[in-house]
Amino acid sequence: MGTVRGKEEVIEMAKDYYDLLGVQKSATRDEIKRAYKRLAKKYHPDVNKDLGSAEKFKEINEAASILGDDQKREQYDQYGTAEFTGGGPGAGFDFSGFSGGNFDFGDIFESLFAGGPFGDFRSSRRQGTRRGSDLRYDVELDLEDAVNGVDKNVSIPRYEVCEKCKGSGAKSLSDIHSCSECGGSGTSTRTQRTPFGMFQTTSTCRTCRGEGKVIADLCSECGGSGRVENETVIKVDIPAGVESGTTLRLSGQGEAGEKGGRTGDLYVVVHVRPHKIFKRKGDDIYIEIPISFVTAVIGGKIEVPTINSKAKLTIPSSTQSNTLFKMAGKGVPHIRGSGSGDQFVRTVVHTPANLNAKQKSKLEGFADAMGDKMAPQKGFLDKVKEKFT
């Protein structure tokens, strides 16, 4: 901070708040908070009697009020303006008339920070009810169940509302009273006069812990928590078409909240076991089927297994090994929308083994009759030659 005097104008230099706090421009919120706390203790007029300490203390509070607020910091970084007032602890106080006094510095420091840019030094938020925890359950399925859908009964250990006290935590409703310490507000307020003015701090009531109520006689079943641990069987409806990694959310099936708080949710994560013959890719199913040499040559119909049954597949003549056939609609149902994927059949021509003399003789006769047609196509041989020449 300073002033540059030209011939005809005076320009006020923008304050460098990062320099005032001794932090980098990339400093995190926690780093700014630590720097603020360290400098506030150093320059607080109650401990530092040097000339100018009060003004320095006011500057670092102003800097912290800007850099501790994300919106103000963004504007400051973008425009470099220091025209923010009233945002931080002590920013609006006049320290020039400070004259010392006998009071606890720690109390003053907490008072300054309680309403400042880092308000988490002292929370005034009433605890109230607490939402129950979310739970996760992992379930394994066979491919058939994942394709067709299935109902699964799962056993879930969780905290549930105490039936004896209905979640109140008290032996009876007449045992619940308004907290005499805070008058039922859940917070306690303290006002303190300091050389900087009147400071008011609000904190969670220590007697009722922010609930505003106290219980004279606790429930014998839950000990006052309002919840008991139990193991419950829940029916999970797993829709057709799920795949590994699918997460199903069961709203309100998690743990019960505390003091009447909302119940959490249950998340069921699906894992599909590998299948012996089928492979799944998205909503399509793949399978390899061996076919005889004769079927590959002259064609025919074969029976192919599907996820739920069997189906006929026509093999045309001259089918080569690794030919892929599509059976439309024989795959996995679309979990979103109507219809299903397809089943793809890869044919693998089976070469007969352990032929007897008669069979070999017939094959030799077949080869003689075919002549050049038994040899690989000329185009294929030309490609092989190009590869190795």
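No lab work stands behind these numbers, since they all come straight from the coordinates. Computed from a prediction, not measured in an experiment: that's the story for all the values here. Don't worry about glycine lacking a Cβ; one is built from the backbone with ideal geometry, like all the others, and counts go over all protein chains shown.
Could you give the Stokes-Einstein D for segment 208-329 in µm² per second, using the C-alpha Kirkwood radius, 4 °C, 1.567 mPa s? This corresponds to a translational diffusion coefficient of 63 µm²/s. Rg/Rh for segment 126-182 stands at 1.26; both radii use Cα atoms, and Rh follows the Kirkwood definition. For the peptides 135-145, 301-311, residues were scored by their other Cβ atoms within 10 Å and the scores averaged per peptide; the highest-first order is 135-145, 301-311.
Among Lys171, Lys281, a tally of other beta-carbon atoms within 10 Å of each Cβ gives an order, fewest to most, of Lys281, Lys171. Close amide-amide hydrogen proximity is noted between Ala170 and Cys219, each under 5 Å apart and 5 or more residues distant or on a separate chain (H modeled in the peptide plane; Pro and chain starts excluded).
Computed over the Cα atoms of segment 135-272, the ratio of the radius of gyration to the Kirkwood radius (Rg/Rh) comes to 1.24.
Near Asp50, once Lys and Arg are set to +1 and Asp and Glu to -1 for all other residues with Cβ below 11 Å from its Cβ, the sum equals +2. Set the Förster distance to 22 Å, then compute FRET efficiency between Glu231 and Val269 from the Cβ-Cβ distance, nearest 0.05. Efficiency, from the Cβ-Cβ distance: 0.70. Ranked by how many other Cβ atoms sit within 10 Å of their own Cβ, fewest first, the residues Thr191, Thr263 fall in the order Thr191, Thr263.
Our estimate of slack between Ser251 and Lys360, defined as 0.36 nm per intervening residue step minus the Cα-Cα distance, is 32.3 nm.
The calculated FRET efficiency for Asp30 paired with Gln71, based on their beta-carbon distance and R0 = 22 Å, is about 0.75. Per residue, the convex hull spanned by the Cα atoms of segment 244-297 measures out at 85 cubic angstrom. Remark: spin-label model distance Thr207-Asn322 equals 8.4 nm, labels positioned 7 Å along the Cα→Cβ axis. Using the Cβ-Cβ distance between Ser155 and Thr306 with R0 set to 45 Å, the FRET efficiency works out to roughly 0.85. Just going by the charge dipole of segment 135-272, with Lys and Arg at +1 and Asp and Glu at -1 on Cβ, which of Ser244, Thr232, Val154 is farthest out on the positive end? Of Ser244, Thr232, Val154, it is Thr232.
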